[in-house]
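Enquirer: Quick one: the structure is below, questions incoming.
Rule-based calculations on the coordinates, nothing more; no lab input. Small disclaimer: the values here were computed from a predicted structure and weren't measured. All Cβ positions, even for glycine, are placed from backbone atoms using ideal geometry, and neighbour counts span all protein chains on display.
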Amino acid sequence: MISRSDALELLSPAKNADFGIEAIDHGADAVYIGGPLFGARSGAGNSVADIERLARHAHRFNARVLVALNTILRDDELEAASRLVRQVYEAGADALIVQDMGLLELDLPPIQLHASTQCDTRTPEKAHFLENVGFSQIVLARELSLEQIAEISRQTTATLEFFVHGALCVSYSGQCYLSCAHTGRSANRGDCAQMCRLPYSLLEPQGRLIAANSHLLSLKDNDQTNNLQALIEAGIRSFKIEGRLKDLAYVKNVTAHYRRQLDAILEASPQYCRASSGRCVFSFMPDPGKTFNRGATDYFVHQRQADIGAFATPKFTGEKIGIVRTLARDSFEITPDNPVLALNNGDGLTYFDTKGELAGLRVNSAERTKTGFRLFFSLSNGKPPPGLRAGTALYRNHDQEFCRLLEKKSAERRIPLRLQFAETPEGFSLRLEDDRGISADAHLAYAKEMGRDGERVLAAFRENLGKLGNTIYTAESIELSMSEPWFVPASLINALRREAAENLDKAREAARQRPERHPPAEPPPRYPEHALTYLGNVYNRKAREFYEKHGVELIELAFECGRENVTSTGEIPLMVTKHCLRFSFNLCPKQVKGIRPDPLALVRGNDRLTLQFDCKRCEMLVMGRADKKAFATGGEPNEH
């Protein structure tokens, strides 16, 4: 049994079972997937039958399936949630990702519990508490530095999980109410309206415009490629890729990329091991820059830094490829930045037009010239693409050849075996042993007959024994133990090999151990705080009972309840974020002494959000009013 403290887990998103299977085949040690209800991505629900199908495939490689049931729940949803947990447990799910502590007060099956990123775990005290109430794995806040992660690791034995790639929520997860306040769509209920990706203008207190019509709350995408070793040393053991709403090309490409990165670390660091079985071979070279991204940042892993925002656009701009040199009616010439750049028919290009908005076009045909390429495109109403002119910077967000590779079978995952073929008094035997020491035998009763050509006989044995192509196995080594080069018909060797492989399948399934539920400590540990505001997301009576049992004295209702505490005329924090617009525009007092424009304001149409700055915590609070009409459209208030 592999120790979880030594195992490095690559955790990939699964929009559905088919995506999850591809993630496993491309190297994931685990996948996370939503069930039919209560997942934090309302557009990524799946049937219990599909979860069972995914689990069967994953378990063949000792990979895990984690089911996200990570919304906050109303009282009238608790019973349905409890039934669903039992169903996914019986379907083979290995763990449950949860936010709502009310679930811990229900009669659940012994499924392992993981604390969702919505639990907003930023401190050793919070992590220690979550471990003591029964969580085996904890997703840490994306905003943490290496030093903060290491401090948490020193004070908990739970497996620590960290997002290493994909979209970044600008708010601390679980602490954003902007969508709910303005539209009634709750991020904590899996229905975020992504207000953070909209354009805003930034104003000083006196009304001076700092930035106009920019996506000021939109961040670049997370990319920790260069920090994996440091994250391991800090205590991270599960490396999570965001993207349950992303397309299949993204899942294949990014999973394969991090599989290669982690494999290189494992090769050089024998003290660690892979969390699942099998080795992957890819038919393409992974490149995370070629599938959806908003640019790359490693966020706060190395403390605060500039240029984490994707202010120009929240869309996929792509890789910069060059500059428009000359423009004709139906084509243009470009000078590429990279002299070995290859452009192809069907590539998708983007550029920023004269209004600063992202526009795009599809290449009909690409012709090489002495200085670069001439690219032909379709006319729109007899006119070239608007805003395209000489000197325009061009980007490619769709590489046709790369995408074609990913549309096909693009990876093969196999488990290496040691094969031992030997003679017995009755005939012959074959033993197969996998990379974890699990073995199975098959026997053949057959009268021994001397082969005519010893070398050819032994070569034929090796060739036929190694034909494992229709299984998930591959022959890493083949040992022949015979007193003489006996002749055995190829058909009998093949039958013996198939029987041994089937027996190994059964032995591996019998040896697989389901992850155990971490028992809660007794007596119940005290929660790190004595009071919870609406930021605690207590939405049902069972969650209230949980926190009362753990020593919390004052408990406000969740924001989604729509009570007077959040729908009053005063402004309240609708978002708590480590992203700081004062810092982004060089207005931070730590950058320039004496400068303190406070409060700033974000304006979009008739909506106005006040920005307050907590310099001690180095955080920004996005303040606003909760619209009572939004609550009216967003669902009935919850009764306790």
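Enquirer: List the GluC sites (Glu not before Pro) within the range 507-559 that fall in a DSSP loop (any state other than H, G, I, E or B) and whose Cβ has at most 15 other Cβ atoms within 10 Å.
Expert: Numbers: sites: Glu509, Glu516, Glu529, Glu545, Glu548, Glu553, Glu556; in loops: Glu516, Glu529, Glu553, Glu556.
Here the sparse-neighbourhood loop sites are Glu516, Glu553.
Enquirer: Sticking with this one: Subtracting the Cα-Cα distance from 0.36 nm times the residue separation, let me have the gained length for Asp330 to Arg541 in nm, one decimal.
Expert: On the way: separation 211, 0.36 × 211 = 75.96 nm, distance 6.48 nm.
Contour length minus the Cα-Cα distance gives 69.5 nm.
Enquirer: Let me ask something additional. Determine the gain in length on full extension of the stretch Asn606-Lys320; use 0.36 nm per residue of separation and subtract their C-alpha separation, reporting nm with one decimal. Provide the component values of the computation, followed by the final result.
Expert: Working: separation 286, 0.36 × 286 = 102.96 nm, distance 3.59 nm.
Answer, rounded to one decimal: 99.4 nm.
Enquirer: What's the ranking of 519-525, 461-467, 190-196 by average number of surrounding C-beta atoms within 10 Å, highest first? All intermediate terms of the calculation are to be shown ahead of the outcome.
Expert: On the way: 519-525: 11.7, 461-467: 17.0, 190-196: 20.4.
Top to bottom by mean Cβ count within 10 Å: 190-196, 461-467, 519-525.
Enquirer: Quick one: compute the contact order of the chain, relative version, from alpha carbon pairs under 8 angstrom and 6+ residues apart, as a percent.
Expert: Working: 1404 pairs, mean separation 101.1, N = 640.
This gives 16 percent for the chain.
Enquirer: Taking the 0 to 90 degree range and rounding to the nearest ten, how far is the long axis of helix 48-59 tilted relative to the main principal axis of the chain, both from C-alpha atoms?
Expert: Its long axis makes an angle of about 50 degrees.
Enquirer: Quote the FRET efficiency, to the nearest 0.05, computed for Lys593 versus Ser145 with a Förster distance R0 of 25 Å and r equal to the Cβ-Cβ distance.
Expert: Numbers: r = 25 Å, r/R0 = 0.99.
With a Förster radius of 25 Å, E is 0.50.
Enquirer: Let me ask something else about it. Loop only by DSSP, 14 or fewer other Cβ within 10 Å of the Cβ. Give me the chymotrypsin sites (Phe, Trp or Tyr not before Pro) in the range 1-71 that pass, ordered by residue number. Walk me through the numbers on the way to the answer.
Expert: Working: sites: Phe19, Tyr32, Phe38, Phe61; in loops: Phe38, Phe61.
Those that pass, being in a loop and sparsely packed, number zero.
Enquirer: Sort 200-206, 245-251 by the packing proxy (mean of other Cβ within 10 Å over each peptide's residues), most packed first. Show your work: numbers first, answer last.
Expert: Details: 200-206: 16.3, 245-251: 19.1.
Top of the packing list down: 245-251, 200-206.
Enquirer: If you take the square roots of the eigenvalues of the alpha-carbon gyration tensor of the range 207-316 and sort them as a ≥ b ≥ c, do you get rounded (a/c under 1.5), prolate (a/b over b/c) or oblate?
Expert: Details: a/c = 3.25, a/b = 1.73, b/c = 1.88.
In terms of gyration-tensor shape, oblate.
Enquirer: Calculate the FRET efficiency for Ala312 and Ser380 from the Cβ-Cβ distance with a Förster distance of 22 Å, rounded to the nearest 0.05. Can you show the working numbers first?
Expert: Numbers: r = 23 Å, r/R0 = 1.05.
Taking R0 as 22 Å, the efficiency between Ala312 and Ser380 is 0.45.
Enquirer: Take the alpha carbon gyration tensor of the range 243-383, find the square roots of its eigenvalues, order them as a ≥ b ≥ c, and report rounded if a/c is under 1.5; if not, report prolate when a/b exceeds b/c, else oblate. Mind showing how you got there, number by number?
Expert: Working: a/c = 2.44, a/b = 1.80, b/c = 1.35.
Prolate, since a/c reaches 1.5 and a/b exceeds b/c.
Enquirer: Can you work out the PRE-style zone for Leu458? Point 7 Å along Cα to Cβ, and I want the residues of the range 421-436 with backbone N under 20 Å.
Expert: 421-424, 428-431
Enquirer: Then there's this: Expected output is a single nm value to one decimal: the length gained when fully extending between Leu480 and Glu516, i.e. 0.36 nm times separation in residues minus the C-alpha distance. What is it? Please report the intermediate quantities before stating the final value.
Expert: Working: separation 36, 0.36 × 36 = 12.96 nm, distance 4.02 nm.
Contour length minus the Cα-Cα distance gives 8.9 nm.
Enquirer: Cys273 versus Asp614, label points 7 Å from Cα toward the beta carbon: distance in nm?
Expert: Label at Cys273, label at Asp614, 4.3 nm between them.
Enquirer: Another question, then. State which entries of Lys220/Lys315; Lys240/Lys616; Lys15/Lys240; Lys220/Lys290; Lys252/Lys409; Lys549/Lys578 exceed 20 angstrom in Cα-Cα distance in the structure shown. Display every interim value, and only then the final one.
Expert: Numbers: Lys220/Lys315 10 Å; Lys240/Lys616 30 Å; Lys15/Lys240 14 Å; Lys220/Lys290 15 Å; Lys252/Lys409 10 Å; Lys549/Lys578 31 Å.
Violating the 20 Å Cα-Cα cut-off are Lys240/Lys616; Lys549/Lys578.
Enquirer: Given points 7 Å out from each Cα along the Cα-Cβ axis, report the Ser5 to Arg83 separation in nanometres with one decimal.
Expert: 4.3
Enquirer: Relative to the longest principal axis of the C-alpha atoms of the chain, give the angle of the C-alpha long axis of helix 490-511, reported between 0 and 90° and rounded to the nearest 10°.
Expert: Value to nearest ten degrees: 40.
Enquirer: Would you work out if the chain is rounded, prolate or oblate? Take a ≥ b ≥ c from the square roots of the eigenvalues of the alpha-carbon gyration tensor; rounded if a/c is under 1.5, else prolate when a/b is larger than b/c, oblate otherwise. Mind showing how you got there, number by number?
Expert: Numbers: a/c = 2.40, a/b = 1.34, b/c = 1.78.
Here the chain falls in the oblate category.
Enquirer: Still on this structure, I have one more. For every helix of n ≥ 4 consecutive DSSP H residues, a contribution of -39,500 (n - 2.57) applies; sum these over the chain, divide by its total residues, and give [θ] at 222 nm rounded to the nearest 500 deg cm²/dmol.
Expert: On the way: 15 runs with 152 residues, N = 640.
Only helices count here, giving -7000 deg cm²/dmol.
Enquirer: Sorted by average packing, counted as other Cβ atoms within 10 angstrom per residue and highest first, what order do 610-616, 140-146 take?
Expert: Working: 610-616: 15.4, 140-146: 21.7.
Order by mean packing, descending: 140-146, 610-616.
Enquirer: With a point put 7 Å past each Cα toward its Cβ, work out how far Leu492 is from His530 in nm, to one decimal.
Expert: About 8.3 nm, to one decimal.
Enquirer: With a cut-off of at most 16 other beta carbons within 10 Å, and DSSP calling the residue loop, which trypsin sites (Lys or Arg not before Pro) in the range 355-438 qualify? Please list them. Kindly include the intermediate steps, with their values, before the conclusion.
Expert: Numbers: sites: Lys355, Arg362, Arg368, Lys370, Arg374, Arg389, Arg396, Arg404, Lys408, Lys409, Arg413, Arg414, Arg418, Arg431, Arg436; in loops: Lys355, Lys370, Arg389, Lys408, Lys409, Arg436.
Those that pass, being in a loop and sparsely packed, are Lys355, Lys370, Arg389, Lys408, Lys409, Arg436.
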